[in-house]
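Asker: Below: one structure in structure tokens.
The values are calculated or read from the model by the stated rules, or taken from the named source; none is laboratory data. In this text the structure is predicted, and so the values were computed from the model without any measurement. Methodologically, a virtual Cβ is constructed for each residue, glycine included, from the backbone with ideal geometry; neighbour enumeration extends over all protein chains shown. Each accessible area value is taken on the protein alone, full model and side chains, heavy atoms only, with ligands, DNA and RNA left out. Shrake-Rupley method; radii C 1.70, N 1.55, O 1.52, S 1.80 Å.
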Amino acid sequence: GAGVSQSPSNKVTEKGKDVELRCDPISGHTALYWYRQSLGQGLEFLIYFQGNSAPDKSGLPSDRFSAERTGGSVSTLTIQRTQQEDSAVYLCASSSLAGGINEQYFGPGTRLTVT
Amino acid sequence: GESVGLHLPTLSVQEGDNSIINCAYSNSASDYFIWYKQESGKGPQFIIDIRSNMDKRQGQRVTVLLNKTVKHLSLQIAATQPGDSAVYFCAENRGNQGGKLIFGQGTELSVKP
């Protein structure tokens with residue numbers, strides 16, 4: 001079966017430009033998460049969507065970051081006016097939360113490089 | 001601040017030996033823990049999980065131990081193979097913070113043939 005997919009796999013952008021990153025979760029998974037991973041570091045939580053509930057945006061580092069999830073499926077993470085410190089791998093995960101288990105399945109990530 | 005952390009950043013073992021990767025957490029409200037394996041250029045891959053009402057769980061060649069008294073989590077890999085070489089992360093789910101996972105910094109496991 002299809003796993004979590006993300007696009008693009010790599011994105012190089014100039015400082016100050018906006019970027020959009022896409023995540024296609026596993027079909028039927030109600031929960032979707034975005035994380036950021038800097039080189040050699042652990043994963044940093046950004047935002048979490050669960051069903052029709054208001055998203056948990058507590059991890060977004062600034063108001064330049066936003067995300068939406070349309071129709072309870074595909075999600076896009078938008079970074080406006082990109083800065084060099086935004087360079088990282090952006091990972092998306094989804095979970096069914098069946099039985100209260102939060103087993104998150106990750107996509108391959110989008111490597112963002114801001115020049 | 002509160003965090004999930006790892007005792008050792010790198011671990012090198014001989015092929016066939018057992019590996020033990022450790023993790024410390026600080027929030028007693030955490031109710032669910034997961035170990036992930038991340039190979040270079042890939043997203044984290046689920047290995048095994050454990051709820052806070054358990055102290056041990058076994059999978060195929062892997063065992064997770066949870067000691068809530070000292071807030072310690074470990075991943076044991078039996079008969080380590082070259083394919084086990086990767087970075088291993090522990091993560092915790094704090095029940096009062098919804099679905100987000102808090103990740104540790106990771107331990108790089110290197111298996112020598």
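Asker: If the cut-off is 17 Å between C-alpha atoms, which lysines fall inside it for A:LYS11, apart from same-chain ones fewer than 8 positions away?
Answerer: B:LYS42
Asker: Of all accessible surface on chain A at a 1.4 Å probe, what whole percent is carbon and sulfur?
Answerer: 46 percent
Asker: Another question about this same structure. Heavy atoms only, probe 1.4 Å: what % of the accessible area of chain B goes to carbon and sulfur, would you let me know?
Answerer: Reported share for carbon and sulfur atoms: 45 percent.
Asker: Heavy-atom accessible area per residue, the protein assembly as shown, 1.4 Å probe: how many Å²?
Answerer: Normalised by residue count, the accessible surface of the protein assembly as shown is 48 Å².
Asker: Any idea of the total accessible area buried by the A-B contact, 1.4 Å probe, rounded to 100 Å²?
Answerer: Buried area (both sides, nearest 100 Å²): 1500 Å².
Asker: Provide the gained length on full extension for the span B:GLU39 to B:GLN76, in nm with one decimal, where the gain is 0.36 nm per separating residue minus the Cα-Cα distance.
Answerer: Full extension from B:GLU39 to B:GLN76 adds 11.5 nm.
Asker: Points 7 angstrom from Cα along the Cβ direction at A:LYS15 and A:SER66: gap in nanometres?
Answerer: Output for this residue pair reads 2.4 nm.
Asker: Place the peptides A:27-34, B:77-84, A:104-111 in order of packing, highest mean first, counting for every residue the other Cβ atoms within 10 Å and averaging per peptide.
Answerer: In descending order of packing, they fall as A:104-111, A:27-34, B:77-84.
Asker: Peptide B:43-55: average number of partner chain Cβ atoms within 10 Å per residue?
Answerer: Partner-chain Cβ atoms within 10 Å, mean over residues of B:43-55: 3.
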